[in-house]
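The values are calculated or read from the model by the stated rules, or taken from the named source; none is laboratory data. It should be emphasised that the depicted structure is a prediction, and the values quoted were computed from it without experimental measurement. Please note: Cβ atoms are built from the backbone with ideal geometry, for glycine as well, and neighbour counts cover all protein chains shown.
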């Protein structure tokens, strides 16, 4: 598992994709943070709240090649016949994408340092916002890995990921309109409302369990998709 993760991480940083995505996201954060800084206060919680939606566009690009590329190049067969078990391969690839995401998070810590300079303290609200941001990233990375397992076309994988993530983001806005059982499911699946709890500084155990369980479920579904393909191909 660690070998797979290291290989994929190295692949990200040997190509421009990781640097471009990191640069783009930090630019977005800077654009949102600059008005607050210029006004004389450093509220990075609002920035994390605002830029969360951009993960819907960044993460599909990050994850689109992680499994689709193996399928397109024919190297998926080598993975499936390797001594490493399929769950370890999938988890390793997920960890690679999540690690790149964590690099983005780690570099963005420069902004909370600026907050400390202005306010002199790290608030529980800021800690909660970062915990929620990381959990949201993990859930979206798992969606991206799952979508990448569905097709050999990286663009299609990215589009499917974007549609699923966007649907989860706006689900609660239409839950009341839909109503009934479906509306209840949409409200329960809404990541925006759950993420909003963290940006308020509340480390809700229910929402932590939701994000972790959702991530695990998507990885399990990814394993099942690849196993089914292996069974069909004999």
Checklist entry - List pairs: first in the stretch 195-210 and free of Cβ contacts under 8 Å to residues at least 40 places away in the same chain and at negative phi, second loosely packed, with under 14 Cβ neighbours inside 10 Å and in a helix (DSSP H, G or I), Cβ under 6 Å, 6+ apart or cross-chain? => result none
Checklist outcome for this item: Residue hits (the stretch 35-60; at pLDDT 75 or above and either over 22 Å from residue 166 (Cβ atoms) or assigned to a loop (DSSP other than H, G, I, E, B) (or both)) are 45
Checklist entry - Restricting attention to the stretch 159-181, does a residue exist that is surrounded by fewer than 17 Cβ atoms within 10 Å (Cβ to Cβ), within 20 Å of residue 69 (Cβ to Cβ) and modelled with pLDDT under 80? => result no
Checklist entry - Does residue 143 meet the test of being modelled with pLDDT of 95 or more and within 18 Å of residue 214 (Cα to Cα)? => result yes
Item to check | Checking residue 138 against (1) assigned to a helix (DSSP H, G or I); (2) at pLDDT below 80, the condition it does not meet | outcome: (2)
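Results for (1) touching a helix residue (DSSP H, G or I) at 6+ places or on another chain (Cβ under 8 Å); (2) farther than 30 Å from residue 14 by Cβ; (3) in contact (Cβ under 8 Å) with a residue 60 or more places away in the chain, shown as yes or no for each residue.
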| position | (1), (2), (3) |
| --- | --- |
| 89 | yes, no, yes |
| 104 | yes, no, yes |
| 108 | yes, no, yes |
| 114 | yes, yes, yes |
| 130 | yes, no, yes |
| 136 | yes, no, yes |
| 167 | no, yes, no |
Next on the checklist: Take the conditions buried (at least 17 other Cβ atoms within 10 Å of the Cβ) and modelled with pLDDT under 95 and apply them to residue 194. Does it pass?
Outcome noted: yes
Checklist entry - Is it true that residue 189 is farther than 21 Å from residue 46 by Cα, within 18 Å of the chain's Cα centre (by Cα) and at pLDDT below 85? => result yes
